[in-house]
Every structure is written in structure tokens, then in C-alpha cells.
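Structure first, then comments.
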Amino acid sequence: MFRRSDGMCFACSPRNPIGLHLEFSHEGDICRTTFTAGNEHQGWDGVLHGGLVTTLLDEAMAQWLWHRGVAAMTAEMLTRFSLPVPVGVPVTVEAWKEGCRGRLWELSARLILPGGKVAARATAKFLTVKENG
Ligand SMILES: CCCCCCCCCCCC(=O)SCCNC(=O)CCNC(=O)[C@H](O)C(C)(C)COP(=O)(O)OP(=O)(O)OC[C@H]1O[C@@H](n2cnc3c(N)ncnc32)[C@H](O)[C@@H]1OP(=O)(O)O
């Protein structure tokens, strides 16, 4: 059993002082957010840390599910980093469903740079979990 978020989600809570403060919109089958990384988010100079690229993709997929009333946890995730993501520019992250079988959900996500190039892609499996409120 997992408790509902107490509002301190690192990725999406507006209350988390060190969080990413992501806000999501939903259009058809796509869940979308934008994010501009700061210097505090970099690994290599000027480049968003890969772990945070994965966080953005993971959260977008989780929010696709959450928006539809599905409480699920990431059980497996594969990320392909195709291009460095520069800090200081707004990037777009999109997620969508690939399939569902019982408790198992398969989703994909991508991170798009200004100009339209895809810098990272992910596929993930989520498992529905029980919430106790
Ligand atoms: C306010 C806004 C908030 C917004 C939303 C909240 C914020 C979201 C945050 C982003 C999302 C995250 O990062 S979540 C955090 C990162 N993830 C985690 O910490 C998860 C850690 N793992 C776990 O707790 C667990 O392994 C679970 C819950 C994922 C699954 O455990 P379980 O429920 O006991 O299920 P289990 O018996 O292991 O598996 C059930 C069935 O699924 C199969 N199965 C298990 N894993 C896989 C897999 N990767 N691929 C295929 N199949 C799998 C098993 O073989 C089994 O098949 P069969 O025997 O039935 O045939």
C-alpha cells in the first residue's frame, strides 16, 4: 500500500523548495510539460544531467496515468539519450500510452528541443498499486 503524495513530489509539487515544479497539460492522448533547466541541474557544463532527463520523462508518463485516475509506480524504464539537453532553453516533454494488460501499463515519452529535434526517448512499464489515501 502506498500513500497519496503529501504534496512534496520532487518533480511536480509547487511546495518542494528544491523541486522541478513541473506543470502538466493534457491534449488528447498526450501529456505534456515544459521545463527550462538551470545551472543547478547540470552535469557536464551547460548540459542537463541525464538523471534529470530521465526524471522528466518518468514523471510525464506517471502524470499521463495519474490524470486518468491510475496510481502506478515505475517498474522498468529504458532511456535513450540522443542529444545533450542544454540548460537555459525551454524543452518540451510528451508522454503517451502504448498499451495496458491487467496491472501493467506500457508508456513512451520524448524530450523535444526548441526547433523540434528529439533529444531523448524513453519507454517504461508501470504497475498499478493500491493507495490507502
Ligand atoms: C500529486 C500528483 C502525484 C502524481 C503521481 C505520483 C508521482 C509519480 C512519480 C513518478 C513515478 C516513479 O518514479 S515511481 C518510483 C520508482 N519506482 C519504484 O520505486 C517502484 C519499486 N518497485 C515496487 O515497489 C514494486 O516492484 C512494484 C510496485 C513496481 C511491483 O510490485 P508488486 O505490486 O508486488 O507486483 P509484483 O508481484 O512484483 O508484480 C506483479 C506482476 O507484474 C510483473 N512485473 C513486475 N515488474 C515487471 C516488469 N518490469 N515488466 C514486466 N512485468 C513485470 C510480475 O512478474 C508479476 O506478474 P504475474 O506474476 O502477476 O504474472
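The values are calculated or read from the model by the stated rules, or taken from the named source; none is laboratory data. Predicted model, so just to flag it, every value in this text is computed and none were measured. Please note: Cβ atoms are built from the backbone with ideal geometry, for glycine as well, and neighbour counts cover all protein chains shown.
Listed here are the residues, each with its yes/no results for (1) in contact (Cβ under 8 Å) with a residue 24 or more places away in the chain; (2) under 15 Å from residue 81 (Cα atoms); (3) surrounded by 12 or more Cβ atoms within 10 Å (Cβ to Cβ); (4) not β-branched (Val, Ile, Thr).
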site	(1), (2), (3), (4)
100	no, no, yes, yes
103	yes, no, yes, yes
108	yes, yes, yes, yes
111	yes, yes, yes, yes
117	yes, yes, no, yes
120	yes, yes, yes, yes
125	yes, no, yes, yes
129	yes, no, yes, no
Out of 60, 72, 124, which single residue is within 16 Å of residue 32 (Cβ to Cβ) and under 15 Å from the mean Cα position of the chain (by Cα)?
60
Can you find a residue that is in a strand (DSSP E or B) and surrounded by 15 or more Cβ atoms within 10 Å (Cβ to Cβ) anywhere in region 47-67?
yes
Return the pair list, or none, for Cβ contacts closer than 7 Å from residues in region 1-15 that are assigned to a loop (DSSP other than H, G, I, E, B) to residues that are modelled with pLDDT under 85 and exposed (fewer than 10 other Cβ atoms within 10 Å of the Cβ), at least 6 apart or on different chains.
1/132; 3/132; 4/133
Selection within region 55-80 - more than 8 Å from the ligand (Cβ to nearest atom), among the small types (Gly, Ala, Ser) and touching a residue at least 24 places away in the same chain (Cβ under 8 Å)
60
